[in-house]
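Read-outs throughout are calculated quantities, based only on the coordinates presented, and are distinct from any laboratory measurement. Keep in mind that what you see is a predicted model, and the values were worked out from it rather than measured. FYI the Cβ positions are ideal-geometry reconstructions off the backbone, even for glycines, and counts take in every protein chain you see.
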Amino acid sequence: MTDRTTEEDRHMLETAKEAARIGGEILKQGFGKLTQSQIDLKGMGDYVTDSDRLSETEILRLIKKTYPTHILHAEESGVECHESPYRWIVDPLDGTANYIQGIPIYGISIAVQKRTDILLGVVYHVDRDEMFWAVRGEGAYLNGQPIRVSPRQDMAYTMLASGFPWRSKDHMDPYMDCFKELFLSAAGIRRMGSAAIDLAYTACGRFDGFWEMKLGPWDIAAGILLVQEAGGVVTDFRGEHEYLVSGNVVAGNPAIHGMMLEMTRRYLAHIK
């Protein structure tokens, strides 16, 4: 980080990293060992496990101890309000379905929002021990090394990522129309099962672009900043910046983002 980074920013970043590692150790201990009694169904295709809850408890315990007056917004426990300009947005286990199935693609996402801006973000890909992080205006990093979005300019050679709209199956038809056009335009599309990891992989150039709809702010807040600080562009399906409200995201390097946005606007701009 540069001299522009304040001591407060540095301390919050280190707290977020430490919290992600604490949660990661809990997830490792439970991976592959869950029984059916440790898994609950929140809604169709939406699960929570004892590992989610324990990871969140310990992550929030550290944040509360360090920043007792900050607002906390976590996936499982909701919003804990205080009078503060700072909001911590926490997903203690992104990729829960993968985790339940024994698929080692899952992670932890922690972001800090200062008023309306995402100030910093951490995505920890637990199984690979990959810590992605970014602070606004200071670049994006993977295990301490700077990362950049891919330089690819030709859509025909791109590898894209997405996720099926399981929260919004009533939008399946326009999603599939959009998917078809992007699929026919790109070299390939992958469905990882973790939006946080998809965005982190877009930030470091493993994917050239990512789109998905109706995600929670805990799924995407940290990853959005990673992409932006790695030189990429993130918008909603209309080309605007209401992604934390709508949960609709298009991300990529500037050239590929522009091409993807043309297609998402055509098919998905009506989805709020």
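Farthest toward the positive end of the dipole of the chain, out of Val135, Leu41, Leu184, is the Cα of Leu184, where the dipole comes from beta carbon charges about the Cα centre.
The Rg/Rh ratio for the chain is 0.95, where Rg is the radius of gyration of the alpha carbons and Rh is the Kirkwood radius. Its Cα gyration tensor gives the stretch 7-146 an equivalent ellipsoid; the semi-axes, largest first and in whole Å, are 25, 18, 12.
Determine the shape class of the stretch 159-211: with a ≥ b ≥ c the square roots of the Cα gyration tensor eigenvalues, call it rounded for a/c under 1.5, and otherwise prolate if a/b is greater than b/c, oblate otherwise. In terms of gyration-tensor shape, oblate.
Each Cα pair under 8 Å and six or more residues apart adds its sequence gap; the mean of these over the residue count of the stretch 7-146 is a relative contact order of 21 percent.
If packing is taken as the average count of other Cβ atoms within 10 Å, what order do 109-122, 135-148, 197-210 fall into, highest mean first?
Working: 109-122: 23.0, 135-148: 15.9, 197-210: 27.9.
Packing proxy ranking, top to bottom: 197-210, 109-122, 135-148.
Three principal axis extents describe the C-alpha atoms of the stretch 155-268; from largest down they are 33, 31, 25 Å. Placing unit charges on the Cβ atoms only, positive for Lys and Arg and negative for Asp and Glu, gives the chain a dipole magnitude near 260 debye about its Cα centre.
The count of lysine pairs in the chain whose Cα atoms are under 24 Å apart, excluding pairs fewer than 8 places apart on the same chain, comes to 20.
Output the relative contact order of the stretch 131-269, whole-number percent, from Cα pairs under 8 angstrom with separation of 6+ residues.
Working: 292 pairs, mean separation 40.7, N = 139.
Across the stretch 131-269, relative contact order equals 29 percent.
A crude spin-label estimate for the pair Asp154 and Glu7, with each label 7 Å from Cα along the Cβ direction, gives 5.3 nm.
Over the chain, what is the relative contact order in whole percent, taking alpha-carbon pairs under 8 Å and six or more residues apart? Computed over the chain, the figure is 16 percent.
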